[in-house]
Amino acid sequence: MRRALFFEAPGRIVVRGEPAPDPGPGQVRIKTEFSAISAGTELLVYRGQMPTRMEADPILPALSGELRFPLKYGYACVGRVVELGRGVPADWLDRPVFAFQPHQTEFTASLEEVQPLAEGIDPQAALFLPNVETALNLVQDGGPLAGESVVVLGQGIVGLLTTALLSRFPLIELFVFDKYPLRREAALHLGAKTAGDPASLLGSPEIDADLTFELSGDPAALDLAIAVTGFAGRIVIGSWYGTKRAPIDLGGKFHRSRIRLMSSQVSTIDPALQGRWSKERRFKAAWALIPLLNPQELITQRFPFEAGAQAYEMLDRHPEQTIQVILDYRTG
C-alpha cells in the first residue's frame, strides 16, 4: 500500500492509502523523498477553478484523465529507485530520479518516465526542473534582444525563475512587479533592476516595454501588460487562468498599438524553433541551468507529506508568506 494525496472537493485535501502496483517489465518502483507544490496550477485545482472536461495533462501518463474531483495531481517528485522490473539494468537500483508524478509515497514508472539526477544535484533543487523548463520556454517564446526593456508581471516561482534567466541578458531595463514584498525582494536578489507593486502601474505607467511577460495568474493583469508595453511590443502570456475571467480593455491603446499577444505553455516547442530544439534538448538545458540558479534557495516552507492539507491551506490563505512549498516524505 502507498499513501497518496487526493483533491476531494474545493478546499478539501485527503491523504489515504491505495494499492501500489508492482513494477512490470522495463519499470521501476520509486520511493518518494520530496515533491513540490505548484502554487499556480495546483491552487486552481484546490480551489475548484480548473476547467472541467479538460484532460489533466495530454503528455504526462501519470496525469491521464479529466480534471474532476476526486483526483490526484502534482508533477514534481524526486525519489529513489527501490525495486526493478524485469529487464531493467541493476545499476538503476538506489538511483535518485525525478518524475512527473502526483504527490504519493511511492509510484511505479517506466524508465522513459523518469530522469536520473546528475551527480552533485541537490534533490530539492531537482524539484524545480518543471519550473526551470517553463521559464526557459517563456524566454525562448519572448525572444528578448540586447538593449530591450522587459517587464515581468508576477513573481511566483515561474516568474522568479524567468526573471533570473532574463537577468543574464544585456537588457537596458528589467522591471518586475508583484504585490508581495517577499517576492519582490527575491526578484532583486535574482537580478531584477526594479521591483515594484503592480498597484503603482494604475493610471498612466511611464514604462514603454519592448517585451512583457504576464505570469501573475490574474487575467486582470492583462490590462496592465498592455499598459506597460510599447508600440509593436510583445506580450507573452504564461499564466493559466483556469475558469477565472476578467474584462480586458482592447478598445483603447491596444487597438492601434500593433502589440502581439502570445500564449506560451511548456508542453510544446515554438514551431519556429523545432528545427533545432526538442523537448529532450530543452530538458538538458534546464538541468544545466539548475546548478547555476540554485532554485532550492526559493523554498520557503517544508511540510511533512501527511500534513499536505496544511500546506495547501497556507498557500491559499497566506500567499504573501510563501514562494515555494514542498512536501517532505522522510518525516512522519
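Just so it is clear, none of the values below were taken in a lab; they were calculated from the coordinates. Just so it is clear, the model here is predicted, and its values are computed rather than measured. Positions of Cβ are backbone-derived with ideal geometry, glycine not excepted, and every protein chain shown enters the neighbour counts.
Pairing the Cα long axis of helix 308-317 with the longest principal axis of the chain, what angle in degrees results, from 0 to 90 and rounded to the nearest 10?
10 degrees
Mind listing the phi-derived Karplus ³J(HN,Hα) values for the stretch 10-27, rounded to whole Hz, using 6.51, -1.76 and 1.60 with θ = phi - 60°, and x for any glycine or proline?
So the J values, rounded to whole Hz, are x, x, 10, 10, 10, 9, 9, x, 7, x, 10, x, 6, x, x, x, x, 10.
Working from Cα positions, state the angle (0 to 90°, nearest 10) between the long axis of helix 279-293 and the longest principal axis of the chain.
Value to nearest ten degrees: 80.
Loop only by DSSP, 15 or fewer other Cβ within 10 Å of the Cβ. Give me the trypsin sites (Lys or Arg not before Pro) in the stretch 257-330 that pass, ordered by residue number.
Arg258, Arg276, Arg330
Name all residues of the stretch 92-118 having a backbone nitrogen under 17 Å from the label point set 7 Å from the Cα of Lys279 along its Cα→Cβ direction, giving them as ranges.
What the label zone holds, given the 17 Å backbone N cut-off, is 98-102, 109-116.
Test of understanding: in a Gaussian network model of the chain with alpha carbons linked when under 10 Å, which of Ile30, Ile237, Ile207 would top the mean-square fluctuation ranking?
Judging by the Gaussian network model, the answer is Ile207.
Treating only the Cβ atoms of Lys and Arg (+1) and Asp and Glu (-1) as charged, compute the dipole magnitude of the chain about its Cα centre; round to the nearest 20 debye.
Numbers: 33 positive and 38 negative charges, 83 e Å.
So the magnitude is around 400 debye.
Ignoring GluC sites (Glu not before Pro) that are buried or in helix or strand per DSSP, and keeping those with at most 11 other beta carbon atoms within 10 Å, what is the longest stretch of the chain between them? If you can, show how the numbers build up before the last one.
Numbers: sites that count: Glu119, Glu206.
Answer - 207-332.
If R0 is 35 Å, what FRET efficiency do you get for Leu292 and Lys179 from their C-beta distance, rounded to 0.05?
0.80
To the nearest µm²/s, what D does Stokes-Einstein give for the chain at 25 °C and 0.890 mPa s, using the Kirkwood radius over alpha carbon pairs as Rh?
Rounded, D is 118 µm²/s.
As a test of the formula, what do you get for the chain when each DSSP H run with n ≥ 4 contributes -39,500 (n - 2.57) and the sum is divided by the residue count, at 222 nm and rounded to the nearest 500 deg cm²/dmol?
It lands at -7000 deg cm²/dmol.
Once R0 is set to 22 Å, what does the formula 1/(1 + (r/R0)^6) return for the Cβ-Cβ distance between Phe169 and Asp122, expressed as a FRET efficiency to the nearest 0.05?
On the way: r = 26 Å, r/R0 = 1.18.
Once the sixth-power term is evaluated, E becomes 0.25.
If I build a Gaussian network model for the chain, linking alpha-carbon pairs within less than 10 angstrom, which residue out of Thr32, Thr243, Thr212 has the largest mean-square fluctuation?
Of Thr32, Thr243, Thr212, the most mobile in the Gaussian network model is Thr243.
Quickly work out the Thr243-to-Asp197 label distance, labels modelled 7 Å from Cα along the C-beta direction, and quote it in nm with one decimal.
3.2 nm
Between His318 and His255, what is the spin-label point distance in nm, taking each point 7 Å from the Cα along the Cα→C-beta axis?
4.8 nm
Between Thr331 and Arg302, with labels modelled 7 Å along Cα→Cβ, what's the label distance in nm to one decimal, could you check?
0.7 nm
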